[in-house]
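Asks: Below you will find the structure I want to go over with you.
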């Protein structure tokens, strides 16, 4: 099969021929229909204290069709998505997931698509544990189903924020995660959702999804709850400055370097800072149900669909801020 492989920092991704995976006991193999390019993929290939392993096949936002099954729960032809997790060697024999029920928060988990030993969805085929797979409802386009993972990040952040009913919300950053937060903040009953985004195209997309668009967090008027969805040094300090007395800040963006804040700012306002990570299986299933029922419209998030041959060049272009929201890879192209 063809796959896109990370070689080294500073080098473009490479197209290689790889062995098509074989379903081991408890696993399924998917023919990948669509896989999203995630900001985490971009960051993982940059210099870091925890560098990505050479030989990694990226891709953890995937949807596909079962071609092999070593599980009684799935048959060939089933359309599925999956939590991109592989448990440690101690928990794997049980076939039931993490014995401590930590899910993505277990430090011994390996993330599919972010480990050389667990190839991801930038490929024609992918193997995954069947107990992390979820069947896609009939009638739901697999393009939309592939958005479940980033949307689940947004849903988790909104749920961790507490009640948003009647609140004035500010989302800082209109990348895919910021837009996902916007979608679920509106669904949670926020009175108004403002999105701070310097890029005019992304800001326009946020407005299309129901936000009030502003160029910067400092231009927002009276937010009671702020979601930091950028992960760049200095943005958290800006959110603390903008937040009101007793405001809430939910930190969704992953800052991969040291950052500096002035604690006195938060102390004087008695701010609540909530850091969040990932999602749960229930949140995955909830997103999928909401997509299938039409409760949320995620189609505007898809800004491009490309084949494997276009991945290396497109991947590098996404390192620079631009108009794209979510680019999907279709390996069949």
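The values are calculated or read from the model by the stated rules, or taken from the named source; none is laboratory data. What you see is a predicted model; the values in this text were computed from it and never measured. Glycine gets a Cβ as well: all are built from the backbone with ideal geometry, and neighbour counts include every protein chain shown.
Asks: Picking from 64, 77, which residue would you name as being within 27 Å of residue 299 (Cα to Cα), touching a strand residue (DSSP E or B) at 6+ places or on another chain (Cβ under 9 Å) and in a loop (DSSP other than H, G, I, E, B)?
Replies: Checking each option against the conditions leaves just 77.
Asks: Another one. Could you tell me how many of the residues in segment 35-82 are in contact with a helix residue (DSSP H, G or I) (Cβ under 6 Å, 6 or more places away or on another chain) and closer than 29 Å to residue 317 by Cβ? First the steps, then the outcome.
Replies: First, the residues of segment 35-82 that are in contact with a helix residue (DSSP H, G or I) (Cβ under 6 Å, 6 or more places away or on another chain): 52, 58, 61, 63, 71, 73-74, 81-82.
After this cut, where a residue has to be closer than 29 Å to residue 317 by Cβ as well, the list is 52, 58, 61, 63, 81-82.
Going through segment 35-82 one residue at a time, the tally reaches 6.
Asks: Helices (runs of 4 or more DSSP H) wholly in segment 202-320 with at least 3 residues that are assigned by TED's automatic domain parsing to the domain that holds residue 139 - which ones?
Replies: Details: elements: 235-242, 263-269, 281-293, 311-317.
Answer list for segment 202-320: 311-317.
Asks: Just checking, does segment 49-70 include any residue being under 20 Å from the mean Cα position of the chain (by Cα), assigned by TED's automatic domain parsing to the domain that holds residue 136, over 27 Å from residue 140 (Cβ atoms) and modelled with pLDDT of 95 or more? Reasoning before the result, please.
Replies: The first filter runs over segment 49-70 and keeps only residues under 20 Å from the mean Cα position of the chain (by Cα), leaving 50-52, 56-64.
The next check asks that each one be assigned by TED's automatic domain parsing to the domain that holds residue 136; those that pass are 50-52, 56-64.
With over 27 Å from residue 140 (Cβ atoms) added as a condition, the list becomes 50-52, 56.
With modelled with pLDDT of 95 or more added as a condition, the list becomes 56.
Yes, segment 49-70 contains a residue that is under 20 Å from the mean Cα position of the chain (by Cα), assigned by TED's automatic domain parsing to the domain that holds residue 136, over 27 Å from residue 140 (Cβ atoms) and modelled with pLDDT of 95 or more.
Asks: Tell me, please, whether a residue that is without any contact (Cβ under 8 Å) to a residue 40 or more places away in the chain and within 18 Å of the chain's Cα centre (by Cα) can be found in segment 175-184.
Replies: Our first condition is that a residue be without any contact (Cβ under 8 Å) to a residue 40 or more places away in the chain; within segment 175-184, this holds for 182.
If we keep only those that are within 18 Å of the chain's Cα centre (by Cα) too, we end up with 182.
Taking every residue of segment 175-184 in turn, at least one turns out to be without any contact (Cβ under 8 Å) to a residue 40 or more places away in the chain and within 18 Å of the chain's Cα centre (by Cα).
Asks: Between a first residue in segment 295-317 that is without any contact (Cβ under 8 Å) to a residue 60 or more places away in the chain and a second residue that is in a helix (DSSP H, G or I), which pairs have beta carbons less than 7 Å apart while being 6 or more apart in sequence or on different chains?
Replies: What qualifies is 306/314.
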